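The values are calculated or read from the model by the stated rules, or taken from the named source; none is laboratory data. Since we're looking at a predicted model, the values are computed, not measured. Cβ sites come from the backbone with ideal geometry, for glycine too, and all protein chains shown count toward neighbours. Just the protein is used for accessible areas: all its heavy atoms, side chains included, with ligands, DNA and RNA removed. Shrake-Rupley method; radii C 1.70, N 1.55, O 1.52, S 1.80 Å.
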Amino acid sequence: MDVREAVLQDTVFQEREDSIITKGKQKKQLKCDTDSVAGCVSQRACVYCGARVVLNPVTDAIHLVHGPIGCASYTWDIRGSLSSGSDLYRNSFSTDLKEQDVIFGGEKKLARAIDELVEKHPAKVVFVYATCIVGVIGDDLEAVCKAAADKHQIEVIPVQSSGFAGNKSAGYRAACDALLRLIQRDNAKVAQKKNTLNYLGDFNLAGEVWIIKNYLKEIGVNVNVAFTGDSKYQALKNATHASVNIIQCAGSMIYMAERMKELYKIPYFNISFLGLQDTTASLRKIAVFFGDEDMMSQVEKLVQRETVRVEPELEWYRQRLQGKKAAIYVGGGFKAISLVKQFREIGIDVVMIGTQTGRKEEYETINDLVDDGTIILDDANPTELEKFMVDKGAHLLVGGVKERPLAYKLGVAFIDHNHDRKHPLSGFVGAVNLAKEVYTTLCSPVWKYV
Amino acid sequence: MDRGKSGANFRDVNENPCNMCMPMGGILVLKGLEHCMVIIHGSQGCATYMRRHMAEHFNEPVDVASSSLNEKGTIYGGEQNLKKGLDNIIKAYQPKVIGILTTCLAETIGEDIGRISQEYLTERDYGDLTVITVNTPGYGGTHSEGYWLTLKKIVAKLARKTETHNKINVIVPNISPADIREIKRVLQLMQMEYILLPDFSDTMDRPYERPYKKMPEGGTKLADIAAMGGAVATIQLGLTVDDSMSPGKYLEKEFGVPLYNLPLPMGIENTDLFMNVLQELSGNPLPTCLEQERGRLLDCMIDSHKYNGQGRSVIYGEPENVYGVVKTCIENGIHPVVVATGSKNLKLAQLLDECLANAPIECTVLTETDFTTIRLKSRGKANIAIGSSDGKYLTEREGIPLVRYGFPILDRTGGQRLLSICYAGTTMFLDRVTNTLLENKHKNYRDSMYQMFYQGEQEGQELSTESCGEQHVMLMQSN
């Protein structure tokens, strides 16, 4: 029986029929970027979450959550984004709205909160995140932020991220809009420096921005600013000083790149530093863009050196992992795409792949990449994840915190590709780390006993 | 005693929250009912964030549904979303009982979950499905209040006046699955029949088994809750709980079930209180093995008393747990210097007044507080912290080592397996605390002695200004 039919028989969520396809079985488009279906136990968070994860790595900003305490509490320092300087971003500030504030409005409290924070913490920018409540009680965030900005002579930027107003992707856009306001005000466009780019969609988890910056430095490319890993107010403000934007996490940053192209004529292209193949291709792509012969030869030197270094290690893992089957359920499409390629590099087939916020184009790429029979699904839930992992005989799941215990309870190995991890998965070093982690979990003696 | 600025929401900013919101507590309780599925009426993020926190703490899958309110639902009402959500969870999980909790959003737009759920049951003809609704606006209190309020609502909804039977009701605060199992073990040793609520000892700490069950076994049975009105007595481990949220009080008032409202049995005195009530109610003496465990706890206390005498603790978390830890610290010569909770809790403040009245070192008590305040008050005073993972900055930024206890434990594994109550659990807890004090002492004493006393050959050596816990203890001793 067709796997999809089986699912519809025993798992019921008919509203989700179009969000699941089997490669090679159906011709239709996968439905994505829609609201989650009530009661399906989606793995997704909300608009606020999307905004928070994108903006939070701005290290020297005050991040103030305007809302009840939970929103701030659940997102306090949950990212593994590292900073080379300020650690102001690791605080979780909240207006902690109470019943009275909800009845009488939270504007005055917000204004006082900004006063208090600005006085206490030197910062040039305050991001004020709207939560569900703010959208409903109708606080005029724009007005409060403007008044505070005038009063303190710093930038106070509202982030329109009411939780119910769309899904996590809408939060990415809200964060990008906030960042664009930072840049927009800097109209004094300085001559673009030679061989300089902005690096979009890397949040410096476990120092990943630093790894990539080192590669780029070696081939003669300057990073003007990374959005938003280890970024600072002033660097973001000067984002127009780069001649091109490269995008790692497209889900969160393609909108930003498109807007910057419109507004400042800065071109962009996608890259990926996940896995050997993508890292190599991306470095070459950058050298080709700059059209610099010297840079191209530097890239080849770097690739040659690093490949020689990591290949034997990867080969060791490949021999041990060959033929294993993986399931992927991650936040964004770009990560999913890179993972398919990375698994190939170490001899593993992908049998199920899904994301929380993948875009149409990303699902098309995924569909092209995977083998016939692979399940592709958008905005999945525990019921479906369990079903397909078991049906397809997956030995391994890639996911985040919520998926981990499910995999373990199914007796399936697991690797974290979540945002609080403590080891880098980018670049050549990351490719080895991933293989090592896959080996550690897949080949653990524990599975002998279950 | 320094009351800090307790009892009032004194500032306009909460800097690094020391609590979570009401629905979180509600989920915990509902996960302790047999075959219960929870749906949160609000936007998708609330359910997901709480699942994430719980999955990380318990290392278990935590399925919680959401009505996934979007803009349309927010403007025109979320009734259809909630009903559709109920349809879907019934299909996928076949629960025996459903808990519906609200969020800030649902409360603010005025959703009447009681009416909607009644309508739903009638429309779908689900006469035998139990639905428990609890209003848990995120701005209405902390997860601790959400916990107790949900317990009270469950009891109010399900308990009946039944014929008296020989079971006792045992109502527990937010303790670990291992702690709940410890209570059950003690009750069995005392040969008592009981109804324990909530019981997430199995549902949130499941043995590995095949095939995987998405609705795990375990949890308090609905029939047992219904029988709570006919119990011999209620033991509620909720000394700090306000009467308005007290399930034990409700059972006493409605059905005349005598209430023994006791502190969490942590430490020798509080565990004695618990054991005494068990002896009184059962008519059985303490069995030898429990007596021996008490003796071993005493032995442990003696073994560690000198090391503990150097302890200056900051203790934070949910009121009931905080009180248990404070008592345990005091019994062992560890001086609390900061005691804090994110909840607004007058009873805790009163209880602490009593037990800290004669403390030789001044203690700051903070209620409705945040971690920035806790850090400030602990700086240079505390050399050990006891509480959830959220206190990790006390270590990272103030050099105060943290013994993880309570909820949530996100940065270590095994939150569900931490045993800390009754005689045996207190012994384990105390060893964890003492060993952390010792580790810190051993780690720092060479350096701190050198810094304090070594003058060298030259003059002008300055003492380090680093606020290191060990050095601080030495200074206090020399004072």
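Determine which member of the set B:ILE154, B:ILE100, B:ILE89 is assigned to a strand (DSSP E or B) and closer than 28 Å to B:SER176 by Cβ. Walk me through it before giving the result.
Working: B:ILE154 fails: assigned to a strand (DSSP E or B); B:ILE89 fails: assigned to a strand (DSSP E or B).
It is B:ILE100.
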When the residues of the stretch B:40-98 are filtered to those that are in contact (Cβ under 8 Å) with a residue 40 or more places away in the chain and closer than 19 Å to A:ALA130 by Cβ, which remaining residue is most open to solvent (accessible area, probe 1.4 Å)? B:CYS46
What do you reckon, is B:PRO247 over 28 Å from B:ILE330 (Cα atoms) and in contact with a helix residue (DSSP H, G or I) (Cβ under 6 Å, 6 or more places away or on another chain)? yes
Of the listed residues (A:ALA226, A:ALA174, A:ALA188), the one being open to solvent by less than 20 Å² (accessible area, probe 1.4 Å) and either within 14 Å of chain B (Cβ to nearest Cβ) or modelled with pLDDT under 95 (or both) is A:ALA174
Kindly check whether there is at least one residue in the stretch B:151-165 that is open to solvent by less than 20 Å² (accessible area, probe 1.4 Å), within 14 Å of chain A (Cβ to nearest Cβ) and not aromatic (Phe, Trp, Tyr). no
Looking at (1) surrounded by 24 or more Cβ atoms within 10 Å (Cβ to Cβ); (2) within 10 Å of chain A (Cβ to nearest Cβ), which one does B:ARG11 not meet, given that it meets all the others? (1)
Scan the stretch A:29-60 residue by residue and report those that are open to solvent by less than 10 Å² (accessible area, probe 1.4 Å), at the interface with chain B (Cβ under 10 Å from one of its Cβ atoms), among the β-branched types (Val, Ile, Thr) and in a loop (DSSP other than H, G, I, E, B). A:VAL41
Condition first: aromatic (Phe, Trp, Tyr) and part of a loop (DSSP other than H, G, I, E, B). Can you find one or more residues in the stretch A:282-304 that meet it? no
Which listed residue is surrounded by fewer than 23 Cβ atoms within 10 Å (Cβ to Cβ) and either within 12 Å of another protein chain (Cβ to nearest Cβ) or within 29 Å of B:PRO211 (Cα to Cα) (or both), from A:HIS423, A:HIS419: A:HIS419
Residues that are buried (at least 17 other Cβ atoms within 10 Å of the Cβ), outside the structural domain of B:TRP148 (by TED's automatic domain parsing), touching a strand residue (DSSP E or B) at 6+ places or on another chain (Cβ under 7 Å) and not in a loop (DSSP other than H, G, I, E, B): does the stretch B:296-313 have at least one? yes
Residues of the stretch B:196-208 being of a type outside the set (Ser, Thr, Tyr), surrounded by fewer than 23 Cβ atoms within 10 Å (Cβ to Cβ) and out of contact with any Pro (no Cβ under 9 Å at 6 or more places or on another chain), which ones? B:LEU196, B:PRO207
Of all residues in the stretch A:424-437, which are closer than 17 Å to A:GLN248 by Cβ and touching a residue at least 60 places away in the same chain (Cβ under 8 Å)? A:PRO424, A:LEU425, A:SER426, A:GLY427, A:PHE428, A:VAL429, A:GLY430, A:ALA431, A:LEU434
Criterion first (in contact with a helix residue (DSSP H, G or I) (Cβ under 8 Å, 6 or more places away or on another chain) and buried (at least 22 other Cβ atoms within 10 Å of the Cβ)) does A:LEU180 satisfy it? no
When B:GLU107 is evaluated against the numbered criteria (1) within 14 Å of chain A (Cβ to nearest Cβ); (2) part of a loop (DSSP other than H, G, I, E, B); (3) out of contact with any strand residue (DSSP E or B) (no Cβ under 8 Å at 6 or more places or on another chain), which criterion, by number, is the only one it fails? (2)
Test A:ALA380 against the stated conditions and say whether it is surrounded by 24 or more Cβ atoms within 10 Å (Cβ to Cβ), hydrophobic (A, V, I, L, M, F, W, C) and either free of Cβ contacts under 8 Å to residues at least 60 places away in the same chain or within 14 Å of another protein chain (Cβ to nearest Cβ) (or both). yes
Here are the criteria: (1) under 30 Å from A:HIS417 (Cα atoms); (2) touching a residue at least 40 places away in the same chain (Cβ under 8 Å); (3) in a loop (DSSP other than H, G, I, E, B). Tell me which single one A:TRP76 does not satisfy. (2)
Checking the structure you have, find out if any residue of the stretch A:255-278 is of a type in the set (Val, Ile, Thr), open to solvent by 20 Å² or more (accessible area, probe 1.4 Å) and free of Cβ contacts under 8 Å to residues at least 60 places away in the same chain. no
Take the residues in the stretch A:84-107 that are in contact (Cβ under 8 Å) with a residue 60 or more places away in the chain and of a type in the set (S, T, N, Q), then tell me which one is most open to solvent (accessible area, probe 1.4 Å). A:SER84
Scan A:GLU315, A:GLU362 and give me the residue that is open to solvent by less than 20 Å² (accessible area, probe 1.4 Å), more than 13 Å from chain B (Cβ to nearest Cβ) and of a type in the set (D, E, K, R). A:GLU362
Test set (1) more than 14 Å from chain A (Cβ to nearest Cβ); (2) on the phi > 0 side of the Ramachandran plot - B:SER68 fails condition number: (1)
Could you pull out the residue among A:VAL159, A:VAL134 that is within 14 Å of chain B (Cβ to nearest Cβ) and open to solvent by less than 20 Å² (accessible area, probe 1.4 Å)? A:VAL134
May I ask you to verify whether B:ILE116 is outside any strand (DSSP E or B) and open to solvent by 10 Å² or more (accessible area, probe 1.4 Å)? no
Would you point out which residue out of A:ALA175, A:ALA143, A:ALA149 is part of a helix (DSSP H, G or I) and either without any contact (Cβ under 8 Å) to a residue 12 or more places away in the chain or touching a strand residue (DSSP E or B) at 6+ places or on another chain (Cβ under 6 Å) (or both)? A:ALA149
Please state which one of A:GLY333, A:GLY427 is farther than 28 Å from B:ARG51 by Cα and under 21 Å from the mean Cα position of the chain (by Cα). A:GLY427
